[in-house]
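**Q** Got a structure here, written out as structure tokens. Questions coming.
The values are calculated or read from the model by the stated rules, or taken from the named source; none is laboratory data. Source: prediction; values computed, not measured. Ideal geometry is used to build each Cβ from the backbone, glycine not excepted, and the neighbour counts take in all protein chains shown. All accessible areas refer to the heavy atoms of the entire protein, side chains included, with ligands and DNA or RNA removed. Shrake-Rupley method; radii C 1.70, N 1.55, O 1.52, S 1.80 Å.
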Amino acid sequence: MAISKIRIRDIPEEERPRERLIRNGPESLSNAELLGVILRTGSREENAVSLANQILSKYNIKQLSLTNVSTLTQVHGVGKAKAAQIAAVFELARRLETFVEEPKRKICSPKDVYVLMYPKMREQKKEKFITLCLDTKNQVLKEEVVSIGSLNASIVHPREVFKSALMESSASVIIVHNHPSGDPSPSREDIMVTEKLVEGGKLLGIDVLDHIIIGDGRYVSLKDEGFVK
């Protein structure tokens, strides 16, 4: 049987391009194998890698990046879907060349948290509990919604609060939740949950810098109130 007619699934799993990419990284694959992973399937006559080789025999990588969908479909075995996949990959590569990462939002005060979160929380009809994961410069790495609904110690568990912080290698977190009533005054439950999370953070080596409660045009910092130490 010709090599081109061997189906990818007939190749031992550890030798398949996608599995090798996952195991060893994309740099371990040839251009044809990388293109084969993008194509996913070949044609009736040949597998994805063989089809990729056929494409690369007509175009080098630079030429391929500039070839439009209509022209690509003239290659035997390349339909509109495969041509679109190739075009999409190269367009992403072009956008990466001009990509400029937005500066991370830095938190210097409770008001900074309020300004950041109030537009997202002011119209919420239910309490939403959010963790802001911060780096060593107090820049926001990630916002994570921990729970939605009435705040209580059973649903706001340290495991859920700190999960993203651990994954992001955060230096610290700020807890934020809203009061749909509009009154940001902390309840007894708010204070108990805060104290529980502060202690949990100490065990994990992740500081809880504050717990901000957002109301209608107002906020309360539990650190300013003396409940975060």
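**Q** Which one, Leu34, Asn68, Gly79, is farthest towards the positive end of the dipole of region 6-96 when Lys and Arg carry +1 and Asp and Glu -1 on their Cβ?
**A** Asn68
**Q** Still on this structure: Using modelled backbone amide H atoms (1.01 Å from N, in-plane), which distant-in-sequence or interchain residues come within less than 5 Å of Asp216's amide H?
**A** Here the answer is Gly182, Asp183, since their amide H atoms fall under 5 Å of that of Asp216.
**Q** Excluding residues on the same chain fewer than 8 positions from Lys106, give the aspartates and glutamates whose Cα lies under 18 Å from its Cα.
**A** Lys106 reaches Asp135, Glu143, Glu144, Glu168, Asp207, Asp210.
**Q** Please work out how much length the chain gains when fully extended from Arg188 to Arg40, using 0.36 nm per residue of separation minus the C-alpha to C-alpha distance, in nm with one decimal.
**A** Result for the pair: 47.7 nm of gain on full extension.
**Q** Taking 30 Å as the cut-off for C-alpha to C-alpha distance, list the pairs among Lys62/Lys142; Lys80/Lys120; Lys125/Lys202; Lys128/Lys196; Lys82/Lys104 that go past it.
**A** As for pairs spanning more than 30 Å Cα to Cα, those are Lys62/Lys142; Lys80/Lys120; Lys125/Lys202; Lys82/Lys104.
**Q** Same structure again: Using +1 on the beta carbon of Lys and Arg, -1 on that of Asp and Glu, and nothing else charged, what's the dipole of the chain about the Cα centre, debye to 20? Spell out each step's value before the answer.
**A** Values: 34 positive and 31 negative charges, 157 e Å.
The dipole magnitude comes to about 760 debye.
**Q** To the nearest 20 Debye, how big is the dipole of region 108-219 about its Cα centre, given +1 on the beta carbon of each Lys and Arg and -1 on that of each Asp and Glu?
**A** Details: 14 positive and 16 negative charges, 32 e Å.
It works out to roughly 160 debye.
**Q** Also, I was wondering about something else. So how strong a dipole does region 1-131 carry about its Cα centre when Lys and Arg Cβ are +1 and Asp and Glu Cβ are -1, to the nearest 20 debye?
**A** Computed charge dipole of region 1-131: roughly 640 debye.
**Q** If you build the Cα gyration tensor of the chain and take the root of 5 times each eigenvalue, what three semi-axes come out, in whole angstrom, biggest first?
**A** Those come to 53, 20, 16 Å.
**Q** I would also like to ask the following. Would you please give the residues with an amide H less than 5 Å from that of Leu141, counting only those at least 5 places away or on a separate chain, with H modeled from the backbone geometry?
**A** Residues meeting the amide H criterion: Cys133, Leu134, Asp135.
**Q** Ignoring ligands, DNA and RNA, what percent of the accessible area of the chain is carbon or sulfur (1.4 Å)?
**A** 51 percent
**Q** Now for a separate question. Under 8 Å for C-alpha pairs, at least 6 residues apart: give me the relative contact order for the chain, rounded to a whole percent.
**A** Relative contact order, the chain: 13 percent.
**Q** Per 0.36 nm of contour for each residue apart, how much would the distance between Met167 and Val115 grow if the chain were fully extended, relative to their Cα-Cα spacing?
**A** Answer, rounded to one decimal: 16.1 nm.
**Q** Where the centre of each part is set by its Cα atoms, how far does region 80-150 sit from region 26-51, in angstrom?
**A** 34 Å
**Q** Among Ser43, Ile214, Asn138, whose Cα lies farthest out toward the positive end of the dipole of the chain, if unit charges sit on the beta carbon of Lys, Arg (+1) and Asp, Glu (-1)?
**A** It is Ser43.
**Q** On a full-extension model of 0.36 nm per residue, what is the gain between Gln85 and Asn68, subtracting their alpha-carbon distance, rounded to one decimal in nm?
**A** So the extension gain works out to 5.0 nm.
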